[in-house]
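Peer 1: If you scroll down you'll find the structure; I have some questions about it.
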Amino acid sequence: MEVDDALAEAWKNSTPSERIVYEKKINAVLRKLQTTKFNDLRDKAGKIAADNGLTEDRLNELLKDDIDANNERYEWWNDEEMMAELDKSEADFRSGKDPGIKWDGLKAELLSRRKKNAN
């Protein structure tokens, strides 16, 4: 942490008990700043997610443990329907039927969203 000369001199001349008090106050301020920054970031992420259709219900669905009614873990790699869908997507991409997303286009779209959300 950078401080001006006067503050550095005051710190140097303070007693150990004063330093403990100052350190506690500094740490409290830093924790509050970190919490505030985190909360702001979380709120922005939540707004972006909501703007793009991610509801709380959908998020909970995505985050829940994928255990079915029989208490067995879902293994997508053993799901024939899922694997068929992935195989079809891959075939479409390789054949050119699905051109995919080019990085330049994706980057431009993300920057546009960022600019829009900043306003």
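The values are calculated or read from the model by the stated rules, or taken from the named source; none is laboratory data. On a predicted model such as this, the values are computed, not experimentally measured, just so you know. A quick note on method: Cβ atoms are made from the backbone with ideal geometry, for glycine too, and the neighbour counts reach across all protein chains shown. Accessible surface is based on the protein model in full, side chains and every heavy atom, while ligands, DNA and RNA are left aside. Shrake-Rupley method; radii C 1.70, N 1.55, O 1.52, S 1.80 Å.
Peer 1: Would it be correct to say that Ala84 is over 30 Å from Glu2 (Cβ atoms) and of a type in the set (Gly, Ala, Ser)?
Peer 2: Details: over 30 Å from Glu2 (Cβ atoms): yes; of a type in the set (Gly, Ala, Ser): yes.
Yes.
Peer 1: Right, another one. Please specify each residue of the stretch 29-46 satisfying the condition of being open to solvent by 100 Å² or more (accessible area, probe 1.4 Å) and either modelled with pLDDT under 85 or over 21 Å from Ala118 (Cβ atoms) (or both). If you could, list the steps in order and put the result at the bottom.
Peer 2: If we filter the stretch 29-46 for residues that are open to solvent by 100 Å² or more (accessible area, probe 1.4 Å), which is where we start, we get 31-32, 34, 37-38, 41-42, 44.
Once the filter is applied, which keeps residues that are open to solvent by 100 Å² or more (accessible area, probe 1.4 Å) and either modelled with pLDDT under 85 or over 21 Å from Ala118 (Cβ atoms) (or both), the stretch 29-46 yields Arg31, Lys32, Gln34.
Peer 1: Taking the condition of being modelled with pLDDT under 90 and either open to solvent by less than 80 Å² (accessible area, probe 1.4 Å) or aliphatic (A, V, I, L, M) (or both), how many residues in the stretch 9-18 meet it?
Peer 2: Counting residues in the stretch 9-18 that are modelled with pLDDT under 90 and either open to solvent by less than 80 Å² (accessible area, probe 1.4 Å) or aliphatic (A, V, I, L, M) (or both) gives 1.
Peer 1: Going through the stretch 79-97 one residue at a time, which ones are of a type in the set (A, V, I, L, M, F, W, C) and surrounded by 11 or more Cβ atoms within 10 Å (Cβ to Cβ)?
Peer 2: Once the filter is applied, which keeps residues that are of a type in the set (A, V, I, L, M, F, W, C) and surrounded by 11 or more Cβ atoms within 10 Å (Cβ to Cβ), the stretch 79-97 yields Met82, Met83, Leu86, Ala91, Phe93.
Peer 1: In the stretch 98-116, is there at least one residue being among the polar types (S, T, N, Q), out of contact with any helix residue (DSSP H, G or I) (no Cβ under 7 Å at 6 or more places or on another chain) and exposed (fewer than 10 other Cβ atoms within 10 Å of the Cβ)? Show your work before the answer.
Peer 2: Here is the first cut: in the stretch 98-116, the residues among the polar types (S, T, N, Q) are 112.
If we keep only those that are out of contact with any helix residue (DSSP H, G or I) (no Cβ under 7 Å at 6 or more places or on another chain) too, we end up with 112.
Of the ones still in play, those that are also exposed (fewer than 10 other Cβ atoms within 10 Å of the Cβ) are none.
So far as the stretch 98-116 goes, no, none of its residues is among the polar types (S, T, N, Q), out of contact with any helix residue (DSSP H, G or I) (no Cβ under 7 Å at 6 or more places or on another chain) and exposed (fewer than 10 other Cβ atoms within 10 Å of the Cβ).
Peer 1: With the condition kept exactly as written, say whether any residue in the stretch 47-56 is at pLDDT below 75, under 30 Å from Glu109 (Cβ atoms) and assigned to a loop (DSSP other than H, G, I, E, B).
Peer 2: To start, the set of residues in the stretch 47-56 that are at pLDDT below 75 comprises none.
No, the stretch 47-56 has no match at all.
Peer 1: When residues of the stretch 57-74 are filtered for being assigned to a loop (DSSP other than H, G, I, E, B), surrounded by 10 or more Cβ atoms within 10 Å (Cβ to Cβ) and either at pLDDT 75 or above or not acidic (Asp, Glu) (or both), how many remain?
Peer 2: Initial filter on the stretch 57-74 (assigned to a loop (DSSP other than H, G, I, E, B)): 64-66, 68-72, 74.
Restricting the remaining residues to those that are surrounded by 10 or more Cβ atoms within 10 Å (Cβ to Cβ) gives 66, 74.
Narrowing the set further to residues that are either at pLDDT 75 or above or not acidic (Asp, Glu) (or both) leaves 74.
Final tally of qualifying residues: 1.
Peer 1: Kindly check whether there is at least one residue in the stretch 82-94 that is basic (Lys, Arg) and at pLDDT 85 or above.
Peer 2: Yes: one or more hits.
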